[in-house]
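Quick notes on the structure that follows.
Here, each number is a calculation from the coordinates, and none is a lab measurement. It should be emphasised that the depicted structure is a prediction, and the values quoted were computed from it without experimental measurement. Glycine gets a Cβ as well: all are built from the backbone with ideal geometry, and neighbour counts include every protein chain shown.
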Amino acid sequence: MDCLVYSCRVSRYTFVMATQAQPDVPKPQDHAQLWRAEVFGGLELLRAHFVEFNFSPHTHEEFMIGVTESGTALPRFRGEVRRVGPGDVFVLHPGEVHGGGPAADSIWRYRSFYPSGSLMQQVLQELTGADRGVPQLTGDVVSDPDLATRLRQAHMVLEKPGSALAGESLLLEALASLVANYAVDKVAVSHIGAEHRAVKLAKDYLEALPSENVSLESLAQVAGLSSFRLCRVFHRETGLTPHAYQILVRVRLAKTLLVQGIPISQAAVESGFFDQAHLTKHFKRIYGVTPGRYLGKVFPDAS
């Protein structure tokens, strides 16, 4: 019975289509955005949504690190067609010829970074404690959910104007994970010692300038360390990344301002958040309640 009903509906729909003009359904379109983020001397990023577009064979002067968000693609590199799907990561070295695009009947959504060889060399040097040149990375498609998440988060933060500290920190962590786990030559990560003074200098700087859009580079200069080393020692000593600590400082400041009677929207801006929603998200993550609910308990009789 179900099959018969379904068949009748299909026939009736076909008849209507044949006798009555229907508006065309727009087909998904190819589109992409390429921009330059002002981090690490300038870094190009791409966000793409491809339905039919195929790249002609070409090369880049930089590395290309791509992470697929959805859909399937069939890029060609190193002499063969590779298949990449959601969460897959692939890396191309400077000068490697590649091309291709989405698989048939698929919409390929992906994000890619184009870091310079010198930046990748710096990441390897910071990991190992020695200058080992530009890293050579696996040519295979990598299925690593943690790495894919790190790369995607860094890309999304760098896509929007916002915290320089967040974007730079997330990107360094993602690149470090990529190099440490997928370099052709095994990477022995060097030990880091306790650098209390450097971490204290960084913490003091963030606490003194809670609303400033502090960059990782400027914070590292204050601490007297490289950007990457600061991230490692800061996390080891505090259990937080520099950006997470900055958020904590800002939430604490916002809480103090709220107790002083400052409106939530104003407290958000004065403590360095984009807006009230941004403050609310982080306030609840730390204190378990929204700023409004917190104020309801602090000033229960307020109208």
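Go ahead and run the numbers for FRET between Val97 and Glu38, Cβ-Cβ distance against an R0 of 22 Å, rounding to 0.05. E between Val97 and Glu38, to the nearest 0.05, is 0.15. Ignoring lysines fewer than eight residues from Lys160 along the same chain, the ones with Cα atoms less than 27 angstrom from its Cα are Lys203, Lys255, Lys281, Lys284.
Computed FRET efficiency, Cβ-Cβ of His60 and Arg132, R0 25 Å: what is it to the nearest 0.05?
Details: r = 22 Å, r/R0 = 0.89.
Rounded to the nearest 0.05, the efficiency is 0.65.
Hull volume per residue, based on the alpha-carbon atoms of segment 31-182 and their convex hull, is 101 Å³. The residue among Phe55, Gly117, Phe283 whose Cα reaches farthest toward the positive pole of the charge dipole of the chain, with charges on the beta-carbon of Lys, Arg, Asp and Glu, is Phe283.
The helix-based estimate of mean residue ellipticity at 222 nm for the chain, built from -39,500 (n - 2.57) per DSSP H run of four or more residues and divided by its residue count, is -15000 deg cm²/dmol to the nearest 500.
Got a sec? Which residues in segment 52-85 would a label at Gln29 touch, if it sits 7 Å along Cα→Cβ and we count backbone N under 17 Å? Within reach of a label on Gln29: 52-54.
Put a plus charge on the Cβ of each Lys and Arg, a minus charge on the Cβ of each Asp and Glu, and nothing anywhere else: the dipole of segment 31-182 about its Cα centre is then about 220 debye.
What FRET efficiency, computed as 1/(1 + (r/R0)^6) with R0 = 41 Å and r the Cβ-Cβ distance, is obtained for Val222 and Arg76, rounded to the nearest 0.05?
Values: r = 47 Å, r/R0 = 1.14.
Computed FRET efficiency for Val222 and Arg76 comes out at 0.30.
Starting from segment 100-181, pick out the trypsin sites (Lys or Arg not before Pro) whose DSSP state is loop and whose Cβ has at most 16 other Cβ atoms within 10 Å. Those satisfying the criteria are Arg132.
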